[in-house]
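Derivation of every value follows stated rules applied to the coordinates shown; laboratory data play no part. Remember, predicted model here, so these are calculated numbers, not experimental data. When we count neighbours, we look across all protein chains shown, and the Cβ atoms used for this are built from the backbone with ideal geometry, even at glycine.
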Amino acid sequence: MPDVPPNYRSDFASESPAAAQELEMLKDDIRKAASTTDPKKFAVLDNYHCSWKGVVDNKPVVGDLEMFGDFILEKLWVFMQEEVSAQNLMFLCRSY
């Protein structure tokens with residue numbers, strides 16, 4: 001968070017040391033679960049890039065989340081391909 005101005009850093013940080021510790025424990029649990037599961041069904045993206053973009057409507061904003069977005073889109077697409085039959089997928093695509 002070095003590029004986030006000091007007066008906005010708290011918006012991106014844990015509320016307390018206890019909350020930070022709980023978050024780290026949750027992340028560790030997720031990483032452990034991912035390491036023992038099929039990567040197509042359960043994947044983790046750690047340390048993706050983002051950057052400070054300023055303030056919009058009095059809210060701090062980050063951007064450059066393309067890597068994160070691509071990861072999510074790929075995982076959703078794989079899930080849909082596996083869980084939805086080709087016929088139903090074609091119907092869903094035509095609906096939009």
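With R₀ set to 25 Å, the beta-carbon distance separating residue 9 from residue 46 gives a calculated FRET efficiency near 0.75.
The 3J(HN,Hα) values that the Karplus relation (6.51, -1.76, 1.60; θ = phi - 60°) gives for the stretch 11-26 are, in residue order, 5, 10, 10, 5, 5, 7, x, 5, 5, 4, 5, 4, 5, 5, 5, 4 Hz. Gly and Pro appear as x.
I'm checking a number: the convex hull volume of the Cα atoms of the chain, normalised per residue, in Å³. What is it?
Details: hull volume 13.9 nm³, N = 96.
Per residue, the Cα convex hull of the chain comes to 145 Å³.
Amide hydrogen proximity for residue 62: with H placed 1.01 Å from N in the peptide plane, the residues at 5 or more positions away or on another chain lying under 5 Å are 53. Non-local lysine pairs in the stretch 6-95, meaning eight or more places apart or on different chains, with alpha-carbon distances under 24 Å, amount to 8.
Estimated from the Cβ-Cβ distance and a Förster radius of 30 angstrom, the FRET efficiency linking residue 70 and residue 28 is about 0.75.
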